[in-house]
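J.: This is the structure I have questions about; it appears just below.
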Amino acid sequence: MQLDEAGLVQALQRGDERVFAASMDLYSGSLLRLAMSFVPSRAVAEEVVQETWMGVLEGIGRFEGRSSFKTWLFRILTNRAKTRGTRERRYEPFGLSGSDSDGDDGPSLEDSLFVTEGSGKGHWADPPQGWEPDTPERALLSKECRTAIEKAIDGLPDNQRQVITLRDVEGVSAEEVCNILSISETNQRVLLHRARTKVRRVLDPYVRGGNT
């Protein structure tokens, strides 16, 4: 089943159960990944995802297309996750641990590793090369690298983890991330830079060929 966003929204507004089920299959993994950065356990995160889909059913009739459906969906998830995170004493508002005091006192990689101007600003100047798993050794190395990246992201402060998950894992734009998380563009940029720096530190041996 393939629908563009307008068709997806219209089908959901008609109450199409097949489209709703397909949407759950498509987005629930992403929602769970983000929810786990707000709440203390996977079990609670799964409950938040279920609450999010209930919110979709309740609110889809009022969806006006002012943002993308995906942004709207993540926004519902974020609101519910913040509430549960506060209740579980996990979530701390960005204003208290945002761009200036998130416990990030580790060393940074040199700025030359990042693009500093233009549309690619903030991205790696020398991105890691893809590995085709054409040999068992390469397949193992690729899996090892992915595991290292996942662990690095999971170990980030929550606010950095939320931003890098949305930007680099889910492919959400900077403007949409600010909308979803209710943060400023400057805060988003600083958090993303710090998160990418830490992840790049983990990935650097693979990029430089140290583990090949």
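The values are calculated or read from the model by the stated rules, or taken from the named source; none is laboratory data. No experiment lies behind these values; they were computed from the predicted model shown. Note that each Cβ is placed from the backbone with ideal geometry, even for glycine, and that neighbours are counted across all protein chains shown.
J.: For the condition within 20 Å of the chain's Cα centre (by Cα), within 19 Å of Pro157 (Cα to Cα), part of a loop (DSSP other than H, G, I, E, B) and modelled with pLDDT under 95, what is the one hit in Pro107, Pro40?
T.: Of the residues listed, the single one that is within 20 Å of the chain's Cα centre (by Cα), within 19 Å of Pro157 (Cα to Cα), part of a loop (DSSP other than H, G, I, E, B) and modelled with pLDDT under 95 is Pro40.
J.: Scanning for something in a helix (DSSP H, G or I), of a type in the set (D, E, K, R), modelled with pLDDT under 95 and not assigned by TED's automatic domain parsing to the domain that holds Trp72, does segment 115-133 turn up at least one residue?
T.: No, segment 115-133 has no match at all.
J.: What's the total number of residues in segment 155-186 that are surrounded by fewer than 19 Cβ atoms within 10 Å (Cβ to Cβ), assigned to a helix (DSSP H, G or I) and touching a residue at least 40 places away in the same chain (Cβ under 8 Å)?
T.: Of the residues in segment 155-186, 3 are surrounded by fewer than 19 Cβ atoms within 10 Å (Cβ to Cβ), assigned to a helix (DSSP H, G or I) and touching a residue at least 40 places away in the same chain (Cβ under 8 Å).
J.: Just give me the residues in segment 8-28 being in a helix (DSSP H, G or I) and loosely packed, with under 12 Cβ neighbours inside 10 Å, in sequence order.
T.: Within segment 8-28, Glu17, Arg18, Ala21, Asp25 qualify.
J.: Which one is nearest to Asp4 (Cα to Cα), of the residues in segment 43-93 that are part of a helix (DSSP H, G or I) and among the basic types (Lys, Arg)?
T.: Going through the qualifying residues, I end up with Lys70.
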